[in-house]
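Participant: Structure provided below as structure tokens; questions to follow.
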Amino acid sequence: MSFKVIKPGFYSSVQDAGRFGFARAGLAKSGVMDKHAYCWANYLLDNAQTDAVLEITFGDCLMEAQAPTQIAVTGADMQLQINGDLKENWRSYQIRAGDILRWGTSITGMRAYLAVKGGFQTPIWFNARSVNKREHIGAVLSAGDSLPFVENEVDMTVRSVPAGYRPDYQQPLVLHMLPSYQFDHFTPEQVKAFFKTTYQISPDSDRTGYRLQGEPISDVPTKMTSEGMVVGSVEITSKGLPIILLNDAPTIGGYPKIGTVVSEDLAKLVQRQPNTEVRFTLTTIEETQHRKQQWLNFFSTSMAPRATQS
């Protein structure tokens, strides 16, 4: 059982919750860029929250189902069509053998997610199915590829994400950031300049990191000896502009870090298209832990709002 890839799109790859425990060997975390859309896609199918999905960047993807199954689609609006009929995003669908799925170019958002019942059964490398093109772990989709999935009894129940939990990828974007231990390496004037600036997402952004354009910070501290990095680190380059490190970023870096963007806000950032305006605001470790605990509890049986059924 599989999907046959007819047209792979601009950049489509299988991703899961990420690769953990291998940073000491220089391997990036990888995994889905938008954890919010990913978790909802798996939740709609009663999948495990670590099951692999297809991440479709910018769209223009076409595939054919080789067997019946159930899918869920979330994330960016790419005008999904099934057998030529336009379909709603943020919901599940029953799929029959021979059905044709098509994603157009993105209208809002950057990344769409396709989950299948039981998760995609692609090869596992270093305890994850996540592809990392930069590290030559797996490969992005090509025409003729097959995306295998497990045989399962098709559930005729259709679920959709409640409207209040569907993000608006066009609302103003303010990123909550924890100060790094190098925060005090920046002068009060540099810190003030950083927080008052409205940056724009550079077209030169990808799964490794989002580069921001705007008024540069002057006299940035010199480059440092390379040290360990984490996803969400905000480096300030020698040109005085921020780079927000993302899932496929190297595990070490040598630019000074002014802070770290909280993970929940990274999911919002990676859905914004080039030239979108971005601002930063400070948050506290207590508030960050509270938000993270809410996130961890959100999809438990006690807290998650049950998806609408039809």
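Quick note: the coordinates plus some simple rules give every number you see, no bench work behind them. Note that the structure is predicted; figures quoted are calculated from it, not measured. Reconstructed Cβ throughout: ideal geometry from the backbone, glycine too, with neighbour counts over all protein chains shown.
Participant: Evaluate E = 1/(1 + (r/R0)^6) for Ala143 and Phe299, where r is the Cβ-Cβ distance and R0 equals 51 Å; express this FRET efficiency to the nearest 0.05.
Facilitator: The formula returns an efficiency of 0.90 here.
Participant: Further question: Please report how far the C-alpha centroid of region 146-163 lies from that of region 215-286, rounded to the nearest whole angstrom.
Facilitator: Measuring centre to centre over Cα atoms gives 37 Å.
Participant: Relative contact order for the chain: what is it in percent, counting Cα pairs under 8 Å that are at least 6 residues apart?
Facilitator: 20 percent
Participant: Quick check on packing: order 259-266, 94-101, 15-22 by the mean number of other C-beta atoms within 10 Å, highest mean leading.
Facilitator: Descending mean neighbour count gives 259-266, 15-22, 94-101.
Participant: Please work out whether region 173-298 counts as rounded, prolate or oblate from its C-alpha gyration tensor, where a ≥ b ≥ c are the square roots of the eigenvalues and a/c under 1.5 means rounded, while otherwise a/b larger than b/c means prolate and anything else oblate?
Facilitator: Verdict is rounded for region 173-298.
Participant: So what is the calculated 222 nm ellipticity per residue for the chain, using -39500 (n - 2.57) for each DSSP H run with n of 4 or more, over all residues, to the nearest 500 deg cm²/dmol?
Facilitator: Theoretical 222 nm ellipticity from helices: -4000 deg cm²/dmol.
Participant: Another question about this same structure. Under 10 Å, Cα contacts only: if you run a Gaussian network model on the chain, which one of Leu86, Leu175, Leu212 comes out with the highest mean-square fluctuation?
Facilitator: Looking only at Leu86, Leu175, Leu212, the largest GNM fluctuation is found for Leu86.
Participant: Once phi is turned into θ = phi - 60°, what whole-Hz ³J(HN,Hα) does the Karplus curve with 6.51, -1.76 and 1.60 give for every residue of region 164-173, x standing for Gly and Pro?
Facilitator: Each residue of region 164-173 in turn: x, 10, 8, x, 9, 7, 10, 6, x, 10 Hz.
Participant: Next up: What does the net charge come to around Ser30 if you take all other residues with beta carbon closer than 11 Å to its beta carbon, with K and R at +1 and D and E at -1?
Facilitator: That sum, taken over residues with Cβ under 11 Å, equals +2.
Participant: To continue, here is another question. Show the residues, 5+ positions off or on another chain, whose built amide H is closer than 5 Å to the amide H of Thr237.
Facilitator: Amide H neighbours of Thr237, under 5 Å, 5+ apart: Ile243.
Participant: While we're here: Tell me, what HN-Hα J-couplings in whole Hz come from the Karplus equation 6.51 cos²θ - 1.76 cosθ + 1.60 at θ = phi - 60° for each residue of region 247-255, using x for Gly and Pro?
Facilitator: Rounded to whole hertz, the list is 4, 9, 5, x, 7, 10, x, x, 8.
Participant: Which one of Glu88, Glu215, Glu227 has the biggest mean-square fluctuation once the chain is modelled by GNM with Cα springs under 10 Å?
Facilitator: Glu227
Participant: Which of Ile258, Ile107, Ile285 moves most in a GNM of the chain, Cα contacts under 10 Å?
Facilitator: Ile285
Participant: Relative contact order of region 38-163, please, whole-number percent, based on alpha carbon pairs below 8 angstrom and at least 6 residues apart.
Facilitator: 31 percent
Participant: Using alpha carbons only, how many degrees (0 to 90, rounded to 10) separate the axis of helix 35-44 from the longest principal axis of the chain?
Facilitator: Once rounded, one gets 20 degrees.
Participant: Whole-Hz ³J(HN,Hα) for each residue in region 50-59, computed from phi via Karplus 6.51 cos²θ - 1.76 cosθ + 1.60 with θ = phi - 60°, x for glycine and proline: what do you get?
Facilitator: These are the phi-based 3J(HN,Hα) values: 10, 5, 7, 10, 9, 9, 10, 9, 6, x Hz.
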